[in-house]
Each structure stands twice: as structure tokens, then as C-alpha cells.
Amino acid sequence: MVPQHATDIVSLVFGTIFAGFTVVWLLVVTDLIGWDDARVAGPVTLIAAGAVRLVAALRPHRENDDDPSASADPSHGP
């Protein structure tokens, strides 16, 4: 089983922003939406990234997030 690690919130938020603007750009290039709609989609992308950050901040943290040795499963031995 792969050991879990703490989520990098900054990378998650910037990835959300990058993916959102990429989707908006693709929609404009393929003429599915116009530039007027894209002007609205930009702020919506930033609001979505803020919501991701808010959800991540409200998520309960594990007590052992800071101690990497505490995440090892002692039942599997060395």
C-alpha cells in the first residue's frame, strides 16, 4: 500500500487555476463560447480555485501530518 502524504494546497490551487483557464481557452478556440462569455469564465475559475482552497482549509487534519515516521504501519514490520 502506498503511504499517504499531506496535500500540497498551493499546488492544488494553482493547478485548479491553470486547468480552469486552459478549459476556457479551449472553449474559445473551438468557438463553443465567445470572448464575452470568456470574460465571465475567468473570474469563475478564480472563484472555483478559492473554493478548493477553502475546502482544503476546512478539512480536518490528521495529528501525524508533521511526523513522516508516524505514518509507517507498525504491523508490517521493518
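The values are calculated or read from the model by the stated rules, or taken from the named source; none is laboratory data. Treat the numbers as computed from the prediction; the structure is a model and nothing was measured. When we count neighbours, we look across all protein chains shown, and the Cβ atoms used for this are built from the backbone with ideal geometry, even at glycine.
Just one of the numbered conditions (1) surrounded by 10 or more Cβ atoms within 10 Å (Cβ to Cβ); (2) at pLDDT 90 or above is not true of Val29; which one? Single failed check for Val29: (1).
I'd like the residue in region 32-49 that is touching a residue at least 24 places away in the same chain (Cβ under 8 Å) and under 24 Å from Pro60 (Cα atoms) and, out of all such residues, is surrounded by the most Cβ atoms within 10 Å (Cβ to Cβ). The residue in question is Ala49.
Gly77 passes every criterion in (1) among the small types (Gly, Ala, Ser); (2) at positive phi; (3) at pLDDT 85 or above apart from (3). Condition (residue is in a helix (DSSP H, G or I) and at pLDDT below 80) applied to region 36-46: is it met by at least one residue? No, there is no match, as no residue in region 36-46 is in a helix (DSSP H, G or I) and at pLDDT below 80.
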